[in-house]
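What follows draws every value from the coordinates through simple rules; no lab data is involved. A quick note: this is a predicted structure, and the numbers were derived from the prediction, not measured. Every residue, glycine as well, gets a Cβ built from its backbone with ideal geometry; the counts of neighbours run over all protein chains shown.
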Amino acid sequence: IFDPQDVAGDEKELRAPICCILGHVDAGKTKLLDCIRGTNVQGREAGGITQQIGATYLPAENIRDRTSLKAETAIKVPGLLVIDTPGHESFSKMRSRGLSMCDIAVVVVDITKGLEKQTVESLHLLRCHNVSFIVALNKVDRLYGWKECTNAPIVEALKKQSDDVKSEYKWRLTKVVTEFKENGFNTAPYYENNKKKKVVNIVPTSAESGEGVPDLLLLLVRWLPDIITDKLAYDDTIECTVLEVNEHKDLGTTVDVVLINGVLRQGDQVIVCTKQGAYKHHKEVRAAQGVKIVARGLQYAMAGTSLIVVKPGDDLRQAEAAAMQEIDMAISTTDEN
Ligand code: GDP
């Protein structure tokens, strides 16, 4: 899964950033995720994209192929892991853990509607958990008279539009910037944003025809790693969260986990927090990745809790005690919600 050649240069080794998609119902979260997975990719396997669990891994090379990025331009991260947010138990029941594992969020806003109730709720959650975000100002193709430029970078697509479309775009953009301001956030279209660390980037997109999607992907793999280099530093210490507990028709109960940092190896003994106490068992997987784990007893596993790895020589009791502490915390968080 991890190819060391994907890591550019001899700089500090970074892991893939983890990203989630939030926003009001119907803003286009699902469609945008589909677009991120599929644009310009003939077959998912060919593009190296894996989507075996509720998370999609996009290798850096896949993103390079889909953008105008020159071959010699380095991408410092091996890829991007996008969590399929909307349906996940850990997000609805235990949002705090779910969100805190994300390095960045994409907040989808419908350009024809501006900020809506759940957009504002998402902003509140992001602020509470101190998670940075990018705004995908979606459905630009709905602007009256929009000339479709499939999968084009947004600046290029905007240049091709008539004056009427340009001026409608401008006033809708200004309106959204004002609405963000009213909610305490400074935002600017990313192509005019000179203070990318302080001012939130807006990327106009169409999840229908793909305009702006290359820009969004580039921001995630090029700009973001420069902003949060330390947070993305690859570390051998395992950090892993259970995303979902599933019934699989052939495998029995499985847990889907997000490996935030470290490597899971075949033969590793793991402890999973369960509703009845703590659990074990894996092949090498390097962070950040989504992993499906199969083992007995997993039906009691709790979404949103940590997966703890016990290395040879580690104190099993200490690890179990840590798991028990998480179980208590998870139960109290669930109660709050
Ligand atoms: P979600 O509830 O935020 O996941 O929204 P969906 O992805 O389900 O999108 C809601 C509706 O808007 C669907 O009918 C989509 O086809 C449509 N939609 C989403 N994004 C776009 C877009 O960029 N352009 C257009 N024209 N329609 C879109």
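Whole-Hz ³J(HN,Hα) for each residue in the range 218-230, computed from phi via Karplus 6.51 cos²θ - 1.76 cosθ + 1.60 with θ = phi - 60°, x for glycine and proline: what do you get?
Along the range 218-230, the couplings run 5, 4, 5, 9, 10, 6, 4, x, 6, 7, 10, 3, 5 Hz.
Note the full-extension length gain between D250 and D235 as 0.36 nm times their separation in residues minus their Cα-Cα distance, in nm to one decimal. Could the numbers behind the result be given before it?
Numbers: separation 15, 0.36 × 15 = 5.40 nm, distance 3.40 nm.
Between D250 and D235, full extension yields an extra 2.0 nm.
Using the per-residue mean of other Cβ atoms lying within 10 Å as a proxy for protection, in what order, highest first, do the peptides 195-206, 153-164 fall?
My ranking of the peptides, most packed first, is 195-206, 153-164.
Report the paramagnetic label zone for S167: residues of the range 141-156 whose backbone N is under 16 Å from a point 7 Å from Cα along the Cα-to-Cβ axis.
Only 144-146 pass the distance filter.
Here is the link list: K76/K198; K113/K249; K76/K166; K197/K311. Which ones come out longer than 31 Å on Cα distance?
Cα-Cα > 31 Å for K113/K249; K76/K166; K197/K311; rest within.
Can you list residues from other chains, or at least 5 along the same chain, whose modelled amide H is less than 5 Å from the amide H of L14?
Result for L14 returns Y234.
Can you work out the Karplus-derived ³J(HN,Hα) for every residue in the range 168-173? Use 6.51 cos²θ - 1.76 cosθ + 1.60 with θ = phi - 60°, whole Hz, and x for glycine or proline.
Karplus-based 3J(HN,Hα) across the range 168-173 equals 5, 4, 4, 6, 5, 4 Hz.
Taking H as built 1.01 Å from N, whose amide H comes closer than 5 Å to the amide H of L243, not counting residues under 5 places away?
So L243 has HN proximity to D256, V257, V258, G304.
Tell me, what ³J(HN,Hα) does each residue in the range 67-76 have, in order and in whole Hz, if you take phi through Karplus 6.51 cos²θ - 1.76 cosθ + 1.60 with θ = phi - 60° and put x for Gly and Pro?
Karplus-based 3J(HN,Hα) across the range 67-76 equals 10, 8, 4, 6, 4, 7, 6, 6, 10, 7 Hz.
Which order do the peptides 217-227, 106-116 come out in when sorted by mean C-beta neighbours inside 10 angstrom, highest first?
106-116, 217-227
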